[in-house]
Protein chains: 2
Amino acid sequence: MKGDRTRQSILDRAVDLASLEGLQGLTIGRLADDLGMSKSGLFAHFGSKEELQLATLEAAGERFLNEVLRPALKQPRGYPRLVAICDAWIDYIGRDVFPGGCFFAAASFEFDGRPGLVRDAIAANMHDWIGALEKAITIAKEEGHLRDDVDPSQLAFELNSLFFGANFDCQLRGERKALDRARRAVHERLAIASQPLRPARRRTA
Amino acid sequence: MKGDRTRQSILDRAVDLASLEGLQGLTIGRLADDLGMSKSGLFAHFGSKEELQLATLEAAGERFLNEVLRPALKQPRGYPRLVAICDAWIDYIGRDVFPGGCFFAAASFEFDGRPGLVRDAIAANMHDWIGALEKAITIAKEEGHLRDDVDPSQLAFELNSLFFGANFDCQLRGERKALDRARRAVHERLAIASQPLRPARRRTA
DNA sequence: CCTACCGATCGGTAGG
DNA sequence: CCTACCGATCGGTAGG
């Protein structure tokens, strides 16, 4: 029981630290210092740095599910739920759920060139997230809220891109308008996907 | 003369290494080993790790300008140049200009939580890049190729988001369709921005 | 550009 | 959960 509580408090701190310094930049010594415990005492909970990284990822995933995806999934099927997921993602950056912005965007870019179990776990998390987006889009099509010719993978790709772009603009550039821009882009994109027909006019010049 | 050549060969290797392992993961010892020279010999060229990181960033910026932006800027003003910049960016990921994908996307996410000169230099690079995108959009408006009500900052944000999304899908997920999806999204977005008028129809249900 | 070295910190272990 | 320790590597320096 107490071991579990200790472990959870370690992981909460590890998630915050890693969101700022990266999953590789997370060190056992620094983490132990922050928590006022010995390095080896902390180490004993995990057995290796890789296990600590994997456990940290899992804890970050839980936080994301609780703070972002699960509440949005309570919205009614179709367009409302899809919009709720998108708005929840954008709000999630503004609410500082992780102190360094989106944990998984940062982890994705950090580990895309580092093969191993950590990279695989990050990819699995992102696969699930993109899958949830695609599923919400597919349901919205089934409900007749989106055009039949909407490609769920394509639209999910575009929405996720806007989320990553918003995170970038917010975290690195400190652009205050970033979230508003993302919201505007997402809502215009969804409006297009819900239009009954769009004439294929292009510029004539 | 010879010192300059050595320095450049160090930086070429540093750029490749950092694109895979990150600018922080880049270590002087590893880099020296790769190049078959002593750590202190390499170190003498820069004086500190931070200076090495800044020089590596500068070298990566030069490579990006030569491989991506400058060729595209040779295209005629307006829509053709804007499209060329976008296509050049997407091709740049497919051509493996950097072995780990887009150097600056990775650096942006790595350093957005680490204040200092390196982060400032990354932000300056991204500022210039977004500025170049905005300028190309503004010129396309002036030429009458894009609608008057197009917001250059908004459109540049959306295009850059799609680029980052494509990099993510390619590098982490190994999604072969990533570049096609990005191309399709970019071209549809630009087609919308170039339509003379778009009815504000939304779903009625 | 080298050898030789510094203190600090890394992940990890022994033993309790 | 601790103290005490390991070899390896970190960024950086002295001296040539």
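Laboratory data are not the source of any read-out in this text; all were calculated from the coordinates shown. Since this is a predicted model, take the numbers as computed values, not measurements. Because the Cβ atoms are built from the backbone with ideal geometry, glycine has one as well, and the counts that use them run over all protein chains shown.
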Using a label point 7 Å beyond Cα on the Cα-Cβ vector, give me the inter-copy distances for B:GLY144 in nanometres, one decimal, shortest first. 4.4
What spacing in nm lies between the two simple spin-label points modelled at A:ASP91 and B:THR6, each 7 Å away from Cα in the Cβ direction? 5.9 nm
How large is ³J(HN,Hα), in whole Hz, for each residue of the stretch A:4-9 in order, when computed from phi with the Karplus curve 6.51 cos²θ - 1.76 cosθ + 1.60 and θ = phi - 60°, using x for Gly and Pro? 5, 5, 4, 4, 5, 5
Can you list, shortest first in nanometers, how far B:ASP87 lies from the same residue in the other copies, with each label 7 Å from Cα toward Cβ? 4.0
Per-pair calculated FRET efficiency, R0 = 45 Å: B:ILE28 and B:ARG183 via Cβ, rounded to 0.05: 0.70
Highest-MSF residue in chain B out of B:GLN75, B:GLN195, B:GLN171 [GNM, Cα springs under 10 Å]: B:GLN195
Set the Förster radius R0 to 41 Å, insert the Cβ-Cβ distance between B:ASP128 and A:GLU50 as r into 1/(1 + (r/R0)^6), and round the FRET efficiency to 0.05. 0.60
Note on the protein assembly as shown: alpha-carbon gyration tensor, axes a ≥ b ≥ c; rule is a/c under 1.5 for rounded, else prolate if a/b larger than b/c, else oblate; result oblate
Have a look at A:GLY47, A:MET37, A:LEU69 and report the one farthest towards the positive end of the charge dipole of the stretch A:15-81, computed about the Cα centre with Cβ charges (Lys/Arg +1, Asp/Glu -1). A:LEU69
Cα-based shape type of the stretch A:1-57, given that a ≥ b ≥ c are square roots of the gyration tensor eigenvalues and the cut on a/c is 1.5: rounded
Could you tell me whether the stretch B:91-142 comes out rounded, prolate or oblate from its Cα gyration tensor? Rule is a ≥ b ≥ c as square roots of the eigenvalues, rounded for a/c under 1.5, then prolate if a/b exceeds b/c, otherwise oblate. oblate
Point-charge dipole on Cβ atoms (K/R +1, D/E -1) for the protein assembly as shown, about Cα centre, debye to 20: 1040 debye
Taking each label point as 7 Å beyond Cα in the direction of the beta carbon, state the distances from B:GLU51 to the same residue in the other copies, shortest first, in nm. 4.4
Please work out the ratio of the alpha-carbon Rg of the stretch A:119-177 to 2.2 N^0.38 Å and round it to two decimals. 1.36
Efficiency by 1/(1 + (r/R0)^6): what FRET value for A:ARG176 and A:LEU65, r their Cβ-Cβ distance, R0 = 22 Å, to the nearest 0.05? 0.20
Please get the size of the charge dipole for the stretch A:1-127, origin at its Cα centre, with Cβ charges of +1 on Lys and Arg and -1 on Asp and Glu, quoted in debye to the nearest 20. 340 debye
Taking all pairs of distinct alpha-carbon atoms in chain A, Kirkwood radius in angstrom: 18.6 Å
What full-extension length gain, to one decimal in nm, is calculated for A:LYS135 and A:LEU73 as 0.36 nm per residue of separation minus the Cα-Cα distance? 21.2 nm
Modelled label-to-label distance, B:SER38 and A:ASP151, 7 Å Cα→beta-carbon offset: nm? 5.7 nm
In units of 2.2 N^0.38 Å, what is the alpha-carbon radius of gyration of the stretch A:83-205? 1.18
Summarise the partner chain shielding of A:110-117 as one whole number: the mean count of Cβ atoms from other chains within 10 Å of each residue's Cβ. 5
Report the residue, chosen from A:ILE192, A:ILE90, A:ILE137, that carries the largest GNM mean-square fluctuation when chain A is represented by alpha-carbon nodes joined by springs under 10 Å. A:ILE192
Within the stretch B:30-139, list the trypsin sites (Lys or Arg not before Pro) lying in a DSSP loop whose Cβ has at most 10 other Cβ atoms in a 10 Å radius. B:LYS74
